[in-house]
Amino acid sequence: MSDAIRILVVLAEHADRSRIESALEGDSALEPIGYADRLDDWQTFLEQPGDVVVVASYGHDEGVTAMVGYAVKHRPDRPVLVMSEASPNGFLRQVFEAGADDVITLPQSAEDVAFTLQKVLARRKGVSVPGKASAPLIAVLGPKGGTGKTLIATNLAVALAQRDANVVLVDLDLQFGDIGLALGLSPERTMYDLMKAGAPFDHEKLERHLIRHSSGVKVLIAPTRPDQASAVSIDFLRDIYASLRTMCDAVIVDTPPGFTPEVIATIDVSTEICMVGMLDSLSLKNTKLGLETLDLMGYDTDHVSLVLNRADSRVGITPDDVSTIVGRGPDVSVPSDREIPRSVNEGTPIVAARQSSAAAKAFRTLADRYAKAPVPRPAPLQKPPSGVRSLIGRRR
Ligand SMILES: Nc1ncnc2c1ncn2[C@@H]1O[C@H](COP(=O)(O)OP(=O)(O)OP(=O)(O)O)[C@@H](O)[C@H]1O
Ligand SMILES: [Mg+2]
(Lines give C-alpha, C1' and ligand atoms only; values in the text may rest on other atoms or scores of the structure.)
(Ligands and ions follow the chains in the order given, each with its own letter.)
Protein backbone atom coordinates (compact mmCIF):
# COMPACT_ATOMS: atom_id res chain seq x y z
CA MET A 1 0.00 0.00 0.00
CA SER A 2 1.28 3.47 -0.83
CA ASP A 3 2.14 5.90 1.98
CA ALA A 4 1.06 8.88 -0.10
CA ILE A 5 -1.13 11.48 1.61
CA ARG A 6 -4.68 11.07 0.37
CA ILE A 7 -6.22 14.46 -0.27
CA LEU A 8 -9.84 15.48 -0.69
CA VAL A 9 -10.03 18.80 -2.51
CA VAL A 10 -12.98 21.16 -2.22
CA LEU A 11 -13.00 24.10 -4.65
CA ALA A 12 -14.48 27.41 -3.50
CA GLU A 13 -16.01 29.89 -5.93
CA HIS A 14 -12.99 31.46 -7.61
CA ALA A 15 -10.48 28.65 -7.20
CA ASP A 16 -8.50 27.83 -10.34
CA ARG A 17 -8.64 24.04 -10.56
CA SER A 18 -5.72 23.70 -12.98
CA ARG A 19 -3.40 25.58 -10.59
CA ILE A 20 -4.52 23.45 -7.67
CA GLU A 21 -3.94 20.31 -9.72
CA SER A 22 -0.43 21.33 -10.66
CA ALA A 23 0.38 22.03 -6.99
CA LEU A 24 -0.95 18.64 -5.89
CA GLU A 25 -0.15 16.29 -8.72
CA GLY A 26 3.60 16.60 -9.18
CA ASP A 27 4.86 14.69 -6.15
CA SER A 28 4.55 11.00 -5.38
CA ALA A 29 4.00 11.80 -1.68
CA LEU A 30 0.64 13.33 -2.61
CA GLU A 31 -2.43 11.50 -3.83
CA PRO A 32 -5.41 13.74 -4.62
CA ILE A 33 -8.33 11.32 -4.53
CA GLY A 34 -10.97 13.69 -5.82
CA TYR A 35 -12.13 17.23 -6.45
CA ALA A 36 -15.53 18.65 -5.54
CA ASP A 37 -16.80 21.99 -6.73
CA ARG A 38 -18.92 24.23 -4.50
CA LEU A 39 -21.86 23.41 -6.77
CA ASP A 40 -21.32 19.67 -6.28
CA ASP A 41 -22.48 17.89 -3.18
CA TRP A 42 -19.16 18.55 -1.51
CA GLN A 43 -20.47 17.64 1.97
CA THR A 44 -21.18 14.09 0.81
CA PHE A 45 -17.85 14.09 -1.03
CA LEU A 46 -16.14 14.70 2.36
CA GLU A 47 -17.63 11.44 3.70
CA GLN A 48 -14.91 9.60 1.79
CA PRO A 49 -11.82 8.38 3.58
CA GLY A 50 -8.81 10.64 3.14
CA ASP A 51 -5.95 11.96 5.25
CA VAL A 52 -6.35 15.67 4.60
CA VAL A 53 -8.93 18.10 3.25
CA VAL A 54 -7.71 20.96 1.08
CA VAL A 55 -10.08 23.88 0.60
CA ALA A 56 -8.94 25.75 -2.50
CA SER A 57 -9.80 29.39 -3.03
CA TYR A 58 -8.72 32.61 -4.61
CA GLY A 59 -8.53 34.82 -1.53
CA HIS A 60 -11.54 35.31 0.62
CA ASP A 61 -15.11 34.61 -0.20
CA GLU A 62 -17.69 33.57 2.34
CA GLY A 63 -17.78 30.05 1.02
CA VAL A 64 -14.19 29.38 2.08
CA THR A 65 -14.71 29.84 5.81
CA ALA A 66 -17.99 27.93 5.63
CA MET A 67 -16.26 25.03 3.86
CA VAL A 68 -13.36 25.02 6.33
CA GLY A 69 -15.75 25.20 9.29
CA TYR A 70 -17.84 22.32 7.95
CA ALA A 71 -14.83 20.13 7.20
CA VAL A 72 -13.37 20.76 10.68
CA LYS A 73 -16.63 20.01 12.50
CA HIS A 74 -17.46 17.03 10.34
CA ARG A 75 -14.16 15.23 11.02
CA PRO A 76 -12.24 17.05 13.81
CA ASP A 77 -9.50 14.42 13.64
CA ARG A 78 -8.69 15.22 9.98
CA PRO A 79 -6.54 18.27 9.17
CA VAL A 80 -7.93 20.96 6.91
CA LEU A 81 -5.65 23.17 4.83
CA VAL A 82 -6.49 26.18 2.73
CA MET A 83 -4.77 26.73 -0.60
CA SER A 84 -5.11 30.18 -1.99
CA GLU A 85 -3.58 32.35 -4.68
CA ALA A 86 -4.33 35.57 -2.81
CA SER A 87 -4.35 36.54 0.81
CA PRO A 88 -6.15 39.82 1.43
CA ASN A 89 -6.01 41.47 4.86
CA GLY A 90 -7.75 39.43 7.51
CA PHE A 91 -8.01 36.32 5.32
CA LEU A 92 -5.61 34.24 7.39
CA ARG A 93 -7.29 35.20 10.62
CA GLN A 94 -10.68 34.21 9.25
CA VAL A 95 -9.61 30.81 7.99
CA PHE A 96 -7.60 30.03 11.13
CA GLU A 97 -10.56 31.05 13.27
CA ALA A 98 -12.72 28.74 11.18
CA GLY A 99 -10.35 25.94 12.18
CA ALA A 100 -7.83 25.58 9.32
CA ASP A 101 -4.58 23.88 10.30
CA ASP A 102 -2.45 25.77 7.80
CA VAL A 103 -2.57 27.94 4.71
CA ILE A 104 -0.57 27.34 1.56
CA THR A 105 -0.18 30.32 -0.72
CA LEU A 106 0.23 29.52 -4.38
CA PRO A 107 2.27 29.25 -6.47
CA GLN A 108 4.26 26.56 -4.69
CA SER A 109 5.95 23.44 -5.91
CA ALA A 110 4.26 20.11 -5.24
CA GLU A 111 7.35 19.20 -3.22
CA ASP A 112 6.84 22.17 -0.88
CA VAL A 113 3.14 21.40 -0.61
CA ALA A 114 3.98 17.79 0.30
CA PHE A 115 6.37 19.04 2.98
CA THR A 116 3.69 21.29 4.52
CA LEU A 117 1.11 18.49 4.51
CA GLN A 118 3.57 16.09 6.12
CA LYS A 119 4.31 18.65 8.83
CA VAL A 120 0.63 19.20 9.56
CA LEU A 121 0.01 15.45 9.81
CA ALA A 122 3.06 15.00 12.06
CA ARG A 123 1.88 17.84 14.29
CA ARG A 124 -1.56 16.27 14.53
CA LYS A 125 -0.09 12.97 15.67
CA GLY A 126 1.32 14.78 18.69
CA VAL A 127 -2.07 16.27 19.55
CA SER A 128 -4.09 14.06 21.86
CA VAL A 129 -7.28 16.11 21.88
CA PRO A 130 -9.14 15.78 18.62
CA GLY A 131 -9.92 19.07 16.95
CA LYS A 132 -7.92 22.10 16.09
CA ALA A 133 -5.08 22.94 18.38
CA SER A 134 -5.00 26.62 19.18
CA ALA A 135 -2.38 27.55 21.72
CA PRO A 136 -3.04 29.94 24.58
CA LEU A 137 -1.87 33.49 24.04
CA ILE A 138 -0.58 35.01 27.28
CA ALA A 139 -0.18 38.79 27.36
CA VAL A 140 2.21 40.10 30.01
CA LEU A 141 1.00 43.55 31.00
CA GLY A 142 1.97 46.28 33.41
CA PRO A 143 0.63 49.80 33.18
CA LYS A 144 3.87 51.24 34.59
CA GLY A 145 7.39 51.01 33.12
CA GLY A 146 10.15 48.98 34.74
CA THR A 147 7.94 46.71 36.85
CA GLY A 148 9.46 43.51 35.48
CA LYS A 149 7.29 42.63 32.47
CA THR A 150 10.23 41.60 30.32
CA LEU A 151 11.77 39.66 33.17
CA ILE A 152 8.53 37.76 33.71
CA ALA A 153 7.77 37.18 30.01
CA THR A 154 11.25 35.75 29.34
CA ASN A 155 11.35 33.56 32.45
CA LEU A 156 7.83 32.28 31.90
CA ALA A 157 8.72 31.38 28.31
CA VAL A 158 11.86 29.50 29.37
CA ALA A 159 10.05 27.78 32.29
CA LEU A 160 7.45 26.44 29.83
CA ALA A 161 10.17 25.41 27.36
CA GLN A 162 11.84 23.48 30.19
CA ARG A 163 8.68 21.33 30.18
CA ASP A 164 9.17 20.61 26.49
CA ALA A 165 6.54 23.12 25.40
CA ASN A 166 7.08 24.73 22.04
CA VAL A 167 6.94 28.42 23.01
CA VAL A 168 6.95 31.56 20.89
CA LEU A 169 7.79 34.83 22.65
CA VAL A 170 6.74 38.06 20.93
CA ASP A 171 8.37 41.38 21.87
CA LEU A 172 5.60 43.93 21.43
CA ASP A 173 7.61 46.74 22.99
CA LEU A 174 7.92 48.14 19.48
CA GLN A 175 10.06 51.16 20.32
CA PHE A 176 12.30 49.96 23.13
CA GLY A 177 11.98 46.19 23.06
CA ASP A 178 14.80 44.44 24.86
CA ILE A 179 13.92 40.76 24.77
CA GLY A 180 16.70 40.18 22.24
CA LEU A 181 19.16 41.69 24.70
CA ALA A 182 17.70 39.88 27.73
CA LEU A 183 18.09 36.56 25.90
CA GLY A 184 21.43 37.38 24.27
CA LEU A 185 20.03 37.06 20.74
CA SER A 186 21.25 39.03 17.79
CA PRO A 187 18.41 40.72 15.89
CA GLU A 188 19.14 39.15 12.50
CA ARG A 189 15.45 39.24 11.66
CA THR A 190 12.84 41.26 13.51
CA MET A 191 9.15 42.03 13.47
CA TYR A 192 9.99 44.94 11.16
CA ASP A 193 11.37 42.53 8.54
CA LEU A 194 8.28 40.37 8.93
CA MET A 195 5.99 43.35 8.38
CA LYS A 196 8.04 44.33 5.31
CA ALA A 197 7.72 40.79 3.95
CA GLY A 198 3.93 41.25 4.28
CA ALA A 199 1.01 38.85 4.28
CA PRO A 200 0.45 35.95 4.10
CA PHE A 201 2.01 35.02 7.43
CA ASP A 202 2.21 31.32 6.81
CA HIS A 203 4.20 29.00 9.02
CA GLU A 204 7.28 29.00 6.78
CA LYS A 205 7.49 32.77 6.77
CA LEU A 206 6.96 33.02 10.51
CA GLU A 207 9.58 30.34 11.26
CA ARG A 208 12.07 32.28 9.11
CA HIS A 209 11.55 35.39 11.24
CA LEU A 210 11.79 33.72 14.64
CA ILE A 211 15.15 33.62 16.42
CA ARG A 212 15.82 30.55 18.54
CA HIS A 213 17.17 30.84 22.08
CA SER A 214 19.23 27.99 23.54
CA SER A 215 16.27 27.10 25.81
CA GLY A 216 14.23 26.28 22.70
CA VAL A 217 12.05 29.40 22.98
CA LYS A 218 11.53 31.06 19.60
CA VAL A 219 11.45 34.83 19.64
CA LEU A 220 9.88 37.41 17.37
CA ILE A 221 12.21 40.29 18.09
CA ALA A 222 10.95 43.88 18.23
CA PRO A 223 12.11 46.37 15.56
CA THR A 224 15.65 47.48 16.33
CA ARG A 225 14.97 51.20 15.87
CA PRO A 226 12.08 53.23 17.34
CA ASP A 227 11.26 54.74 13.92
CA GLN A 228 10.53 51.24 12.56
CA ALA A 229 7.70 50.76 15.05
CA SER A 230 5.20 52.54 12.80
CA ALA A 231 5.61 49.77 10.19
CA VAL A 232 3.79 47.36 12.51
CA SER A 233 0.16 47.13 11.46
CA ILE A 234 -2.48 45.95 13.91
CA ASP A 235 -4.25 43.93 11.22
CA PHE A 236 -1.02 42.12 10.43
CA LEU A 237 -0.39 41.60 14.11
CA ARG A 238 -3.73 39.84 14.51
CA ASP A 239 -2.96 37.60 11.54
CA ILE A 240 0.45 36.80 12.98
CA TYR A 241 -1.00 35.84 16.35
CA ALA A 242 -3.64 33.64 14.73
CA SER A 243 -1.00 31.84 12.71
CA LEU A 244 1.48 31.50 15.61
CA ARG A 245 -1.23 29.97 17.80
CA THR A 246 -1.58 27.08 15.39
CA MET A 247 2.14 26.29 15.27
CA CYS A 248 3.19 26.15 18.94
CA ASP A 249 2.00 25.27 22.45
CA ALA A 250 2.01 28.80 23.88
CA VAL A 251 2.45 32.34 22.61
CA ILE A 252 3.73 34.82 25.19
CA VAL A 253 3.62 38.53 24.44
CA ASP A 254 5.80 41.03 26.31
CA THR A 255 4.26 44.49 26.11
CA PRO A 256 5.34 48.10 26.58
CA PRO A 257 3.98 50.04 29.56
CA GLY A 258 0.40 51.20 29.21
CA PHE A 259 -2.49 50.37 26.90
CA THR A 260 -1.21 51.30 23.45
CA PRO A 261 -3.34 50.33 20.43
CA GLU A 262 -1.09 47.29 19.86
CA VAL A 263 -1.53 46.23 23.47
CA ILE A 264 -5.32 46.60 23.24
CA ALA A 265 -5.34 44.49 20.06
CA THR A 266 -3.27 41.87 21.89
CA ILE A 267 -5.60 41.87 24.89
CA ASP A 268 -8.52 41.40 22.49
CA VAL A 269 -7.12 38.13 21.15
CA SER A 270 -5.38 36.88 24.30
CA THR A 271 -6.64 33.93 26.29
CA GLU A 272 -4.71 34.77 29.46
CA ILE A 273 -3.32 37.93 31.01
CA CYS A 274 -0.44 38.16 33.41
CA MET A 275 -0.55 41.55 35.14
CA VAL A 276 2.74 42.58 36.72
CA GLY A 277 2.91 44.94 39.68
CA MET A 278 5.68 45.96 42.02
CA LEU A 279 5.71 46.57 45.73
CA ASP A 280 5.49 50.35 45.74
CA SER A 281 2.40 52.46 46.10
CA LEU A 282 2.61 54.13 42.66
CA SER A 283 3.02 50.83 40.87
CA LEU A 284 0.19 49.26 42.88
CA LYS A 285 -2.13 52.17 42.11
CA ASN A 286 -1.43 51.65 38.41
CA THR A 287 -1.87 47.91 38.73
CA LYS A 288 -5.30 48.49 40.26
CA LEU A 289 -6.15 50.87 37.40
CA GLY A 290 -4.95 48.29 34.89
CA LEU A 291 -7.09 45.55 36.43
CA GLU A 292 -10.10 47.89 36.47
CA THR A 293 -9.51 48.71 32.81
CA LEU A 294 -9.53 45.00 31.94
CA ASP A 295 -12.74 44.67 33.89
CA LEU A 296 -14.32 47.54 31.95
CA MET A 297 -13.22 45.84 28.74
CA GLY A 298 -15.23 42.80 29.83
CA TYR A 299 -12.19 40.57 30.32
CA ASP A 300 -12.93 37.42 32.31
CA THR A 301 -11.02 37.84 35.60
CA ASP A 302 -10.61 34.05 35.89
CA HIS A 303 -8.06 34.46 33.10
CA VAL A 304 -6.08 37.26 34.74
CA SER A 305 -3.11 36.38 36.98
CA LEU A 306 -1.49 38.96 39.21
CA VAL A 307 2.27 38.72 39.66
CA LEU A 308 3.88 40.80 42.37
CA ASN A 309 7.50 41.50 41.53
CA ARG A 310 10.19 42.45 44.06
CA ALA A 311 7.70 41.18 46.60
CA ASP A 312 10.20 41.09 49.45
CA SER A 313 11.31 44.71 49.18
CA ARG A 314 11.42 46.48 52.51
CA VAL A 315 9.50 49.58 51.54
CA GLY A 316 6.92 49.74 54.29
CA ILE A 317 4.21 47.91 52.32
CA THR A 318 3.50 44.34 53.32
CA PRO A 319 2.23 41.86 50.76
CA ASP A 320 -0.98 41.88 52.82
CA ASP A 321 -1.42 45.58 52.15
CA VAL A 322 -1.40 44.72 48.46
CA SER A 323 -4.81 43.08 48.67
CA THR A 324 -6.22 46.20 50.26
CA ILE A 325 -4.71 48.56 47.65
CA VAL A 326 -5.23 46.43 44.54
CA GLY A 327 -8.40 44.64 45.55
CA ARG A 328 -6.93 41.16 45.19
CA GLY A 329 -3.88 39.29 46.40
CA PRO A 330 -1.04 38.22 44.12
CA ASP A 331 -1.18 34.79 42.51
CA VAL A 332 2.61 34.60 42.35
CA SER A 333 5.25 36.66 44.17
CA VAL A 334 8.75 37.09 42.75
CA PRO A 335 11.46 38.22 45.17
CA SER A 336 14.20 40.72 44.39
CA ASP A 337 17.40 38.91 43.55
CA ARG A 338 20.71 40.46 42.56
CA GLU A 339 21.30 37.42 40.34
CA ILE A 340 18.48 38.67 38.11
CA PRO A 341 20.40 41.58 36.54
CA ARG A 342 23.38 39.26 36.22
CA SER A 343 21.29 36.62 34.42
CA VAL A 344 19.96 39.33 32.08
CA ASN A 345 23.53 40.39 31.29
CA GLU A 346 24.40 36.76 30.55
CA GLY A 347 21.38 36.32 28.28
CA THR A 348 20.15 33.33 30.31
CA PRO A 349 16.99 33.90 32.35
CA ILE A 350 17.33 33.06 36.04
CA VAL A 351 14.88 30.17 35.75
CA ALA A 352 17.58 28.42 33.72
CA ALA A 353 20.72 30.05 35.14
CA ARG A 354 19.96 29.62 38.89
CA GLN A 355 17.36 26.91 39.05
CA SER A 356 17.36 26.59 42.84
CA SER A 357 16.82 30.30 43.52
CA ALA A 358 13.55 31.49 45.03
CA ALA A 359 12.95 33.62 41.91
CA ALA A 360 13.31 30.55 39.64
CA LYS A 361 10.80 28.68 41.83
CA ALA A 362 8.35 31.58 41.54
CA PHE A 363 8.61 31.45 37.73
CA ARG A 364 7.99 27.71 37.76
CA THR A 365 4.89 28.31 39.91
CA LEU A 366 3.73 30.84 37.32
CA ALA A 367 4.38 28.34 34.53
CA ASP A 368 2.25 25.77 36.43
CA ARG A 369 -0.75 28.02 35.99
CA TYR A 370 -0.44 27.89 32.20
CA ALA A 371 0.90 24.38 31.81
CA LYS A 372 -2.20 23.08 33.58
CA ALA A 373 -4.59 25.44 31.83
CA PRO A 374 -7.37 23.57 30.03
CA VAL A 375 -8.07 24.21 26.36
CA PRO A 376 -8.20 28.01 26.35
CA ARG A 377 -11.40 29.92 25.86
CA PRO A 378 -11.03 33.39 24.42
CA ALA A 379 -12.34 35.86 26.97
CA PRO A 380 -15.53 37.59 25.85
CA LEU A 381 -14.59 41.15 25.05
CA GLN A 382 -16.59 44.22 24.37
CA LYS A 383 -15.22 47.44 22.99
CA PRO A 384 -14.16 49.61 25.92
CA PRO A 385 -16.70 52.36 26.54
CA SER A 386 -15.56 55.84 25.56
CA GLY A 387 -14.73 56.66 29.20
CA VAL A 388 -12.22 53.83 29.15
CA ARG A 389 -10.61 55.09 25.99
CA SER A 390 -9.66 58.32 27.73
CA LEU A 391 -8.43 56.31 30.71
CA ILE A 392 -6.19 54.17 28.58
CA GLY A 393 -4.83 57.00 26.53
CA ARG A 394 -5.28 58.27 23.01
CA ARG A 395 -4.97 55.94 20.09
CA ARG A 396 -2.13 56.77 17.80
N1 LIG B 1 12.86 40.79 41.04
C2 LIG B 1 13.89 41.47 40.56
N3 LIG B 1 15.09 41.43 41.16
C4 LIG B 1 16.14 42.12 40.66
N5 LIG B 1 16.09 42.89 39.57
C6 LIG B 1 14.91 42.97 38.91
C7 LIG B 1 13.74 42.28 39.38
N8 LIG B 1 12.73 42.56 38.54
C9 LIG B 1 13.22 43.39 37.61
N10 LIG B 1 14.53 43.63 37.81
C11 LIG B 1 15.39 44.49 37.00
O12 LIG B 1 14.70 45.70 36.80
C13 LIG B 1 14.85 46.16 35.47
C14 LIG B 1 13.50 46.35 34.83
O15 LIG B 1 12.91 45.09 34.60
P16 LIG B 1 12.17 44.77 33.23
O17 LIG B 1 12.99 45.24 32.08
O18 LIG B 1 11.77 43.35 33.25
O19 LIG B 1 10.90 45.71 33.41
P20 LIG B 1 9.81 46.07 32.31
O21 LIG B 1 8.50 46.17 33.04
O22 LIG B 1 9.87 45.17 31.18
O23 LIG B 1 10.31 47.53 31.88
P24 LIG B 1 9.78 48.38 30.62
O25 LIG B 1 8.45 48.93 31.05
O26 LIG B 1 10.82 49.44 30.46
O27 LIG B 1 9.68 47.46 29.48
C28 LIG B 1 15.74 45.16 34.77
O29 LIG B 1 17.05 45.61 34.81
C30 LIG B 1 15.59 43.90 35.61
O31 LIG B 1 16.72 43.09 35.54
MG1 LIG C 1 10.10 45.55 29.12
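The values are calculated or read from the model by the stated rules, or taken from the named source; none is laboratory data. Keep in mind the model is a prediction, meaning the values are calculated, not measured. All Cβ positions, even for glycine, are placed from backbone atoms using ideal geometry, and neighbour counts span all protein chains on display. Just so you know, the surface numbers come from the protein's heavy atoms only, side chains and all, with ligands and any DNA or RNA stripped out. Shrake-Rupley method; radii C 1.70, N 1.55, O 1.52, S 1.80 Å.
Among residues belonging to segment 302-345 that are surrounded by fewer than 15 Cβ atoms within 10 Å (Cβ to Cβ) and either within 16 Å of ligand 2 (Cβ to nearest atom) or within 27 Å of the chain's Cα centre (by Cα) (or both), point out the one that is modelled with the highest pLDDT.
Step by step, filter segment 302-345, then rank; the result is P341.
Residue check: is S283 polar (S, T, N, Q), closer than 29 Å to G180 by Cβ and touching a strand residue (DSSP E or B) at 6+ places or on another chain (Cβ under 9 Å)?
yes
Would you mind finding the one in A86, A100, A122, A135 that is in a loop (DSSP other than H, G, I, E, B), away from ligand 1 (no atom under 16 Å from the Cβ) and within 30 Å of A352 (Cβ to Cβ)?
Among A86, A100, A122, A135, only A135 is in a loop (DSSP other than H, G, I, E, B), away from ligand 1 (no atom under 16 Å from the Cβ) and within 30 Å of A352 (Cβ to Cβ).
As an exercise: evaluate G277 against (1) open to solvent by less than 50 Å² (accessible area, probe 1.4 Å); (2) at pLDDT below 95; (3) part of a helix (DSSP H, G or I); (4) within 16 Å of ligand 1 (Cβ to nearest atom) and give the number of the one condition it does not meet.
Looking at each condition in turn, G277 falls short on (3).
From the list L185, L194, which residue is surrounded by fewer than 24 Cβ atoms within 10 Å (Cβ to Cβ) and within 16 Å of ligand 1 (Cβ to nearest atom)?
L185
Among the residues of segment 225-244, is there at least one that is within 13 Å of ligand 2 (Cβ to nearest atom), open to solvent by less than 40 Å² (accessible area, probe 1.4 Å) and closer than 30 Å to K285 by Cα?
So far as segment 225-244 goes, no, none of its residues is within 13 Å of ligand 2 (Cβ to nearest atom), open to solvent by less than 40 Å² (accessible area, probe 1.4 Å) and closer than 30 Å to K285 by Cα.
Are there helices (runs of 4 or more DSSP H) fully within segment 325-373 with at least 2 residues that are aliphatic (A, V, I, L, M), more than 11 Å from ligand 1 (Cβ to nearest atom) and touching a residue at least 60 places away in the same chain (Cβ under 8 Å)? List them.
350-353, 358-371
Would you check which residues across segment 159-182 are more than 16 Å from ligand 2 (Cβ to nearest atom) and crowded, with 17+ Cβ neighbours inside 10 Å and list them?
Result: A159, L160, A161, Q162, A165, V167, V168.
Could you grab me the full set of residues in segment 199-212 that are part of a loop (DSSP other than H, G, I, E, B) and open to solvent by 10 Å² or more (accessible area, probe 1.4 Å)?
Once the filter is applied, which keeps residues that are part of a loop (DSSP other than H, G, I, E, B) and open to solvent by 10 Å² or more (accessible area, probe 1.4 Å), segment 199-212 yields A199, P200, D202, L210.
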